[in-house]
């Protein structure tokens, strides 16, 4: 039996594992527990993203302090707006799912904030002034 799983296609083995987990959830009616775990995983994923961004900021904060006041305000404001946007998306208390204009606004906010952060970073790193 062990050799059967070892020689099996990895995609097929993964699909069998997912099917077994789904069968256990259906057989024991663990829908509520699955919803709780899903909510906790959303919160954990958001915290992991925030921690990663914090580590990046901490590594480069000395360089950012050399920037102009306007550049710092734009950079930190855009980063804060991205975190608020992601927080609203990953919130377990969100009543509306992303569709239509709300999905478009979510993507546009992240895209515009990312562009403004990139633009400030590029302007502050241009050595040909």
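Taking one equal scatterer on every alpha-carbon of the stretch 11-65, how large is log10 of I(q)/I(0) by Debye at q = 0.15 1/Å?
Listed by q, the Debye log ratios stand at -0.65.
Between residue 123 and residue 29, 0.36 nm times their residue separation minus their Cα-Cα distance comes to what?
Taking residue 123 through residue 29 to full extension adds about 28.2 nm, to one decimal.
Nearest 10 degrees is fine. How inclined is helix 31-64 to the longest principal axis of the chain, computing both from alpha carbons?
With rounding to tens, the tilt is 30 degrees.
Quote to one decimal, in nm, the extra length available between residue 63 and residue 107 on full extension: 0.36 nm per residue of separation minus the C-alpha distance between them.
Taking 0.36 nm per residue and subtracting the Cα distance, the gain is 13.0 nm.
Over the chain, what is the mean sequence separation of C-alpha contacts under 8 Å (at least six apart), divided by residue count, expressed as relative contact order in percent?
Relative contact order for the chain comes out at 27 percent.
Rank-order 113-120, 64-71 by packing density, defined as the average count of other C-beta atoms within 10 Å over each peptide's residues, highest first.
By packing density, highest mean first, the sequence is 113-120, 64-71.
Expressed as an acute angle from 0 to 90° and rounded to the nearest 10, what is the orientation of the C-alpha long axis of helix 69-90 relative to the principal long axis of the chain?
Between helix and principal axis, roughly 20 degrees.
Angle, helix 101-124 long axis vs. longest principal axis of the chain, Cα atoms, 0 to 90°, nearest 10?
Value to nearest ten degrees: 50.
Bear in mind that the values in this text are calculations on the coordinates, not laboratory data. As the structure is a prediction and not an experimental result, all values here were calculated from the model. FYI the Cβ positions are ideal-geometry reconstructions off the backbone, even for glycines, and counts take in every protein chain you see.
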